[in-house]
1. Under the condition of being crowded, with 18+ Cβ neighbours inside 10 Å and of a type outside the set (D, E, K, R), which residue from segment 362-371 is farthest from Tyr286 (Cα to Cα)?
2. In segment 372-391, which residues are acidic (Asp, Glu) and over 29 Å from the mean Cα position of the chain (by Cα)?
3. From Tyr286, Tyr317, Tyr274, which residue is in contact with a helix residue (DSSP H, G or I) (Cβ under 7 Å, 6 or more places away or on another chain) and in the same structural domain as Arg246 (by TED's automatic domain parsing)?
4. Among (1) surrounded by fewer than 18 Cβ atoms within 10 Å (Cβ to Cβ); (2) not in a strand (DSSP E or B), which single condition is Leu359 missing?
5. Restricting attention to segment 299-326, which residues are within 17 Å of Gly376 (Cα to Cα) and acidic (Asp, Glu)?
6. Give the residue that is farthest from Lys395 (Cα to Cα), with candidates limited to residues of segment 339-355 that are of a type in the set (A, V, I, L, M) and in a strand (DSSP E or B).
7. If you check Ser348 against the conditions, is it surrounded by fewer than 21 Cβ atoms within 10 Å (Cβ to Cβ) and either out of contact with any strand residue (DSSP E or B) (no Cβ under 7 Å at 6 or more places or on another chain) or in the same structural domain as Val250 (by TED's automatic domain parsing) (or both)?
Amino acid sequence: MKAYVLSLQQQGGWASRVFQVNMSIAILPMSAEFNWNLATVGLIKSSFFWGYLLTQADTVGGKRVLAFGVIWWSIATALTPVAAKIGLPFLLVVRAFMGISEGVAMPAMNNILSKWIPVAKRNKKSTKTGGAVEVPRISQTIILRQLTWLNPTRLLDSVRDLGPRKIITEVMMMTSTKAEMDGTKTLKSRKFVPQASKVTFDKSSPRDRQNQEKQHCYSKKKSNFDIQRPYDVPVNQRYSFVNGIRKLWVFSTDKPHTPTSKTAPRTEIRIQGYDYSSGVWQFEGYGYVPKGTSGVCVMQVFGSSPPHATTLVLSVYNGSLSSYRDPVLVPNIYNKWFRLNVIHDVDSSKVKVFINGVLKFQAEGRGGSSHYFKFGVYAQDDDSHCMESRWKGIKVLKKE
C-alpha cells in the first residue's frame with residue numbers, strides 16, 4: 001500500500017510539471033495566432049500565479065488533495081484552447097484556476113512524504129522524488145516543440161515523417177534595413193538545440209538585443225533573402241515589414257520581376273543559399289490571405305523535371321487554398337492566420353502539406369535536380385486586380 005501511494009505521489013509530481021511546462025511552449029504559436037504583444041503574453045503567464053499563491057498551505061492532507069489537483073488542472077488545461085478562442089479574459093480566468101490546482105501539488109507531496117516515509121529515509125526519498133519530477137521540464141520542452149498548440153497530431157507526423165530536425169534558417173522578426181529593401185537582405189540562422197526554446201528578436205529593441213546576446217546555443221550562417229517584385233517599382237511599393245509581419249502585394253497590371261521575363265506579376269520571397277537536391281526538407285510559417293485576393297500562388301516548392309517547373313504550388317482561388325487549382329485543401333482561408341508546413345522528401349519523391357498541424361495533402365514528387373522554397377504572391381489564371389499575402393515565423397528545416 002505504501003509503495004502504491006508513493007508511486008501515485010511521484011506520478012502526481014510528474015503530471016504537475018508537465019502541465020506547468022506546456023503553456024510556456026504553447027504561448028509562442030498562440031501569440032502568433034492571436035497577435036498578442038509581449039505585455040499580453042506576460043499577463044497570461046502571470047495569471048497562473050494569481051491562483052497558485054492561494055493554495056500553498058498544507059491544511060487538509062495529501063492523497064485526496066493531490067488527486068483533486070490532478071483532476072482540476074487536467075480540466076483547466078483542456079479548457080485552455082476553448083478559453084483562448086473565446087477571449088483573453090476567459091483565458092486569464094482559466095489560467096488562474098490552473099494555478100489554484102497546481103498550487104496544491106508540492107504541499108500535498110510533502111505531506112505524503114512526511115506521513116509515509118520514515119525519518120531516517122526521508123531525505124533520500126525527497127531527493128529522488130524532487131529530482132524525478134523535474135524530468136518533464138526537459139522532456140516536455142523537446143516534445144511540445146513538435147506540436148501545434150491546439151492539435152497534437154503534428155507530433156506523430158513529425159516523428160514519422162521528419163525525425164530529428166535542424167533549423168537551417170529562421171527569418172522571423174528580422175530588422176528591416178536598406179539592404180533588405182534592395183532585395184539583398186542577409187539572414188541569420190541557428191542550429192536547433194532541443195533543450196532550449198529560442199526565438200530571434202528585432203535588433204531595434206534594446207531589451208531584445210540583450211536577450212539575443214544571451215542565446216549562445218546556435219551557429220550563425222548567412223543567406224540571401226531575395227525579394228522578387230515588378231522590376232519597375234521600388235521594393236517598398238510592393239513589400240513591407242512591420243512588427244515581424246511581412247506583407248507582399250502585387251497588381252495584375254504590374255510588370256514581371258525582370259525586364260526579359262515573360263512570367264506573370266509577382267512579389268515573392270525566395271530563400272537563397274539553401275537549395276537542396278536530396279534529403280527531407282520542410283517549410284514552416286504562418287500565412288494570411290486577405291479577402292478579395294484570388295488567382296494567386298502564395299507558396300511554392302520550385303524545381304522539377306520537365307515539362308514542369310515546380311514540385312508544389314499552393315494557390316488561393318475565391319477564398320480556397322488549393323494545390324495548384326485542384327484539389328481544394330482548405331475552404332474559406334480568408335482573413336485568418338494559418339500555420340503551414342510543407343515537407344518535401346526528395347529521396348522518396350513525396351510531398352506533404354499540413355495546415356494547422358493537420359495533414360491536408362500528399363502527392364508524388366516531380367523529380368528535378370534542385371529545389372528551393374518561395375512564398376508571397378504570384379499571379380495565376382483568373383487573378384484578381386490586387387493580390388496580397390502576409391507571413392511571419394518563417395523557418396526552413398532539414399532532417400538530420
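The values are calculated or read from the model by the stated rules, or taken from the named source; none is laboratory data. Note that this is a predicted model, so its numbers are computed, not measured. For neighbour counting, all protein chains shown are included, and Cβ atoms are generated from backbone atoms with ideal geometry for every residue, glycine included.
1. My answer is Gly368.
2. Within segment 372-391, Asp381, Asp382, Asp383 meet the criteria.
3. Only one candidate qualifies: Tyr286.
4. Single failed check for Leu359: (2).
5. Of everything in segment 299-326, nothing turns out to be within 17 Å of Gly376 (Cα to Cα) and acidic (Asp, Glu).
6. Val351
7. Criteria met by Ser348.
Every residue, every condition in (1) within 23 Å of the chain's Cα centre (by Cα); (2) β-branched (Val, Ile, Thr); (3) buried (at least 18 other Cβ atoms within 10 Å of the Cβ), yes or no:
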{"residue": "Val233", "(1), (2), (3)": "no, yes, no"}
{"residue": "Val242", "(1), (2), (3)": "yes, yes, no"}
{"residue": "Arg246", "(1), (2), (3)": "yes, no, yes"}
{"residue": "Thr260", "(1), (2), (3)": "no, yes, no"}
{"residue": "Pro265", "(1), (2), (3)": "no, no, yes"}
